[in-house]
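The values are calculated or read from the model by the stated rules, or taken from the named source; none is laboratory data. In this text the structure is predicted, and so the values were computed from the model without any measurement. Here the Cβ positions follow ideal geometry from the backbone for every residue, glycine too, while neighbour counts run over all protein chains shown. Ligands, DNA and RNA are stripped out before the accessible areas are found, and what is left, the full protein with its side chains, is counted by its heavy atoms. Shrake-Rupley method; radii C 1.70, N 1.55, O 1.52, S 1.80 Å.
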Amino acid sequence: MRLVLTKREDASPWMSLVSPLVAVALTLVSGAVMFVLLGLDPIKALGIYFISPISDVWALQELAVKATPLVLISVGLSLCYLSNNWNIGAEGQFVMGAIFGGAVAIATHGVANGPWVFPAMMLAGMVGGALLALVPALLKTRFSANEILTSLMLVYVAELLLDWLVRGPWRDPQGFNFPQSVMFEPEAQALRLMADGRVNIGSLIAVVVVILGAILLGRTLKGFEIRLVGEAPRAARFAGFSEKRMTWTVFAISGALAGLAGIIEVAGTMGQLQPSISPGYGFTAIIVAFLGRLNPVGCLIAGLFLAVTFIGGENAQISLRLPLDVTRVFQGMLLFYVLACDAFLTYRIRLVRGEGAAA
Amino acid sequence: MTVPPPLVSAQGIVKRFGSLLANDHVSLTVAEGETHALLGENGAGKSTFVKILYGLLQPSEGTLSWRGEEVRLRSPAEARRLGIGMVFQHFSLFDALTVAENVALALDGAEPVPSVARRLAEVSRAYGLPLEPAREVWRLSVGERQRIEIVRCLMQNPKLLILDEPTSVLTPQETEGLFGTLARIKAEGCAILYISHKLEEVRRLCETATILRHGKVVETCDPRAVSAGMLAQMMVGVGIPPTRHDPLEQAGPVRLDVRSLSAPSPDAHGTSLKSISLDVRAGEVLGVAGVAGNGQDELFALLSGEMPAASAETVIIDGVPVGRAGINARRKLGGAFVPEERLGHAAAPRFRLSENALASGHATNGFVRAGFVDRGAALSWVDRVTKAFDVRKGPRDPEAKALSGGNLQKFVVGREILRKPRLLIVAQPTWGVDAGAAALIRQALVDLARGGAAVLVISQDLDELFEISDRMAVIFHGRLSPAQDARGLARESVGLLMGGAGFAPDAAEAA
């Protein structure tokens, strides 16, 4: 007796909208079980996790700040994944964006400058992220190297480079030997949108990126090309689209967006470079992209949801004395359930008794 | 006094795939030693039925009896134990193994390879099916591979041999050889269930024919007693008019000129093209015949621009060298292309028809303005193709995979012809398409040529090529024979070329 997966002939589009919701519900149930096993009141714990992050203006601002990098990165990753390019290294591209943008901030530190500094930093951040992302693109198109491995390994390269920079050449001379750069000048920081709180211009940029991404995919020939290359490579060749050029394009775009997220994070919330600048945004954005069905608007919704788990995790750390790892557990369960629900969406499971067909 | 029970009898076989009824109460009996034809168009349910008979599929309803006793066949191994052997349309052989190793793998017992090789040699001699047990399969021609499958079945002393479209991959000469073998098998008292849609073959070989249409048995008759036209009508349901094909008065200027085109195959088991030269003139249809796998895929890729040639001068469209240009540059010069594979190549299965219209027409049809897709224009193009080519579909803009093979083929051919191309290159235009759709497509190709376009048809279907071509050439091992006038050309001489006779000796590559 064995289990067999058979492909469904007709996966309904309605189900593909319901499946992420089912995944979220299953995550909540599993979370409740986990809290019970930890000896906590599951209702209260889930409340702290999922309700407190959206309960007041300050919390909502934090939510926007956390969701911004997730949304920016996941829109870029969606383009990659739609076209069958598996960029797993957004975390490294995020860091590289912060390094390139931070370089502009540090170079203009203490000299006369103007309002052009922050835009220049964003541009430099996008270039930095894109350059790092083009390495796996080059290796894939030129040497057929698996981009999953190369993009992932470059994450560590970028992280260690940042670590070395802030402990070495870029360390703040007046920083009491702390491994961090100088505080960026006001021109080099992202514009705050509210007087009290941390939400900044980056959140608006993320919304604009979502809209542009939706238009690109839904309305333009380039968006059609991205989807066709991923869905049917031979048909794409017949349409005259080049798979290799596509690999370069989507890696460049997703790297640039991850780099933009990196510099916005540094210039918007930290104000300086530190050895570690990301709680894993680049990896969490992979979950966001899939939870959002590789659709920019879906990424916005999913990004907000994942931001809730980040903030809920911090709140739980404070009021329930739970380790921050619980956040990772939640995110892991969520991805697991999303993929599982997707599998059942496209396949039906069957129990086969005895020997099946030999052929 | 009792009549001996039939060898195999199927009663009221029903097979459902989801909402599709592939077999609808099919009943059929094969007597001992009988040669029985199962006739029907593509999609009529022939393959489903024989897969049930061979234990690959389980019927939703109905029963099978073997020599009067009801049986349930849960796997091909059980069918083989009864004495049922099957030769598939698509072979299941391992390229890297020898003939004997392949056969040993397929036998149910654990017989050592040397003894299998010995028996194999005996059987192949006895039935006139020459095979070398020690040769590796990848070195063999399609006809030789089919022999392996047949010998493999014969080694199990079958009482019933099922052959699924056995001649679709053979040259006329190889087909003759196969018929000789079948006559011998028959003389041994083995019953044969012969699946085909080629009427002449069936009339020659079989004493009984069961005709399936839309999953139902419409008629059981003696095919020798009725005309081929009658059989065709029973298969299709209506009479099919022959293609109107007036003799070509005067060919126009050369639209496609191919000069000494050579190219290594990008894939290890592909075929390299060797110095191919041809020209197609406005107004004519040039047919390229050949057995599958002789370089047709590579030729199409090079002519369409999916694969660039080594030099621009080797492919010339309307006087412009385009050997290095991409497919869209060639489309802009008036070229249009229809590849062999409908799903996955000509059309993306999960994309809507309007998106598939966009895929091949975005460079030429005005579907794109300043980078933005004009969905309305693409959709109205779908409507025009639908109307002109009688594409039958449920919703206005379904996904490509929701269409039947024939309707999708009408769509992918129609979307190109409606553009009024000056050059059309099409591979296997009616492969796996029902007779009605095939007739419509062939007529459209001839009409397009007579309207002033140059049409190049690459096909394995000789009947089709004789029906629509003005000139014909044969591709063999990556070489192309000189084109000859199709009128007055003998089938046999084309068949010899398809088998490699008449090509320079190094082309045969006796490796």
Using DSSP loop states and a limit of at most 10 other Cβ atoms within 10 Å to flag trypsin sites (Lys or Arg not before Pro), what is the longest stretch of chain A containing no flagged site? A:1-320
Rounded Å value of the spacing that divides the Cα centres of the range B:195-253 and the range A:253-295: 65 Å
Taking N as the number of residues in the range A:64-141, what is its alpha-carbon radius of gyration divided by 2.2 N^0.38 Å? 1.26
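Output the antiparallel fraction of DSSP beta bridges having both residues in the protein assembly as shown, as a percent to the nearest 5.
55 percent
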Project the alpha carbons of the range A:71-304 onto their principal axes and report the range along each, largest first, in whole Å. 60, 39, 30
Counting just the Cα atoms, what span does chain B cover along each of its three principal axes? Round to the nearest Å and put the largest first. 79, 53, 42
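With r defined as the distance between the Cβ atoms of B:R81 and B:S311 and R0 fixed at 51 Å, what FRET efficiency is calculated, to the nearest 0.05? Write out the running numbers ahead of the final one.
Numbers: r = 59 Å, r/R0 = 1.17.
Computed FRET efficiency for B:R81 and B:S311: 0.30.
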Amide H to amide H under 5 Å from B:I458: which residues, 5+ apart in sequence or cross-chain, H placed 1.01 Å off N in plane? B:V288, B:V426, B:A427, B:Q428
Top mean-square fluctuation among A:A124, A:A256, A:A285, Gaussian network model of chain A, C-alpha springs under 10 Å? A:A124
Chain A, relative contact order [Cα under 8 Å, separation at least 6], %: 35 percent
Considering every pair of different Cα atoms, what Kirkwood radius, in Å, is found for the protein assembly as shown? 31.5 Å
Accessible area of A:M194, 1.4 Å probe, to the nearest 10 Å²? 90 Å²
Quick one: compute the contact order of the range B:244-322, relative version, from alpha carbon pairs under 8 angstrom and 6+ residues apart, as a percent. 35 percent
Return the average number of partner chain Cβ atoms within 10 angstrom of each residue Cβ along peptide A:236-245. 6
Using a probe radius of 1.4 Å on heavy atoms only, what accessible surface per residue do you get for chain A? Whole Å² is fine. 46 Å²
Aspartates and glutamates near A:K66 by alpha-carbon distance under 18 Å, same-chain residues fewer than 8 away left out - which ones? A:D56, A:E91, A:D196, A:E265, A:E314, A:D325
In Å², nearest 100, what accessible area do chains B and A bury in total when the solvent probe is 1.4 Å? 2100 Å²
GNM of chain A, Cα pairs under 10 angstrom: of A:A206, A:A103, A:A145, the biggest fluctuation goes to A:A145
When the dipole is taken about the Cα centre of the protein assembly as shown, and only Lys, Arg (+1) and Asp, Glu (-1) are charged at their Cβ, what size is it in debye, to the nearest 20? 840 debye
Normalised contact order of chain B, rounded percent, pairs of Cα under 8 Å and 6 or more residues apart: 14 percent
Hey, any idea what % of chain B's accessible area is carbon plus sulfur with a 1.4 Å probe? 53 percent
Exposed-loop cut sites defined as trypsin sites (Lys or Arg not before Pro) in DSSP loop states with at most 13 other Cβ within 10 angstrom; longest site-free run of chain B spans B:73-223
Would you mind computing, in nm to one decimal, how far apart the modelled labels at A:A32 and A:R219 are, each placed 7 Å from Cα along Cα→Cβ? 4.3 nm
With N residues in the range A:202-359, what two-decimal value do you get for its Cα radius of gyration over 2.2 N^0.38 Å? 1.33
Pairs A:K140/A:K244; B:K46/B:K198; A:K7/A:K140; A:K222/B:K410: which exceed 20 Å Cα-Cα? A:K7/A:K140; A:K222/B:K410
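Where does the longest stretch of chain B lie that holds no GluC sites (Glu not before Pro) found in a DSSP loop with 11 or fewer other Cβ atoms within 10 Å?
Longest site-free region, per DSSP loop and neighbour criteria: B:250-508.
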antiparallel share of DSSP beta bridges within chain B, to nearest 5, in %, is 50 percent
Computed, not fitted: 222 nm per-residue ellipticity of chain A from DSSP H runs ≥ 4 (each -39500 (n - 2.57)), nearest 500, equal to -23000 deg cm²/dmol
Phi-derived 3J(HN,Hα) across the range A:320-328 with the Karplus relation (6.51, -1.76, 1.60, θ = phi - 60°), rounded Hz, x for Gly and Pro, is 10, 6, 8, x, 5, 4, 4, 4, 4
Please list the non-local residues whose amide H lies under 5 Å from the amide H of B:R281, H modeled 1.01 Å from N, same-chain partners needing a gap of 5 or more. B:R255
For B:K332, the lysines lying under 16 Å Cα to Cα, once residues fewer than eight places off in the same chain are dropped, come out as B:K420
Please report Rg (one decimal) and Dmax (integer) in Å for the Cα set of the range B:51-95. 11.8, 40
The range B:167-240 accessible area per residue, 1.4 Å probe, protein heavy atoms, integer Å², reads 44 Å²
Stokes-Einstein D for the range B:1-111 at 4 °C, 1.567 mPa s, Kirkwood Rh over Cα pairs, in µm²/s? 83 µm²/s
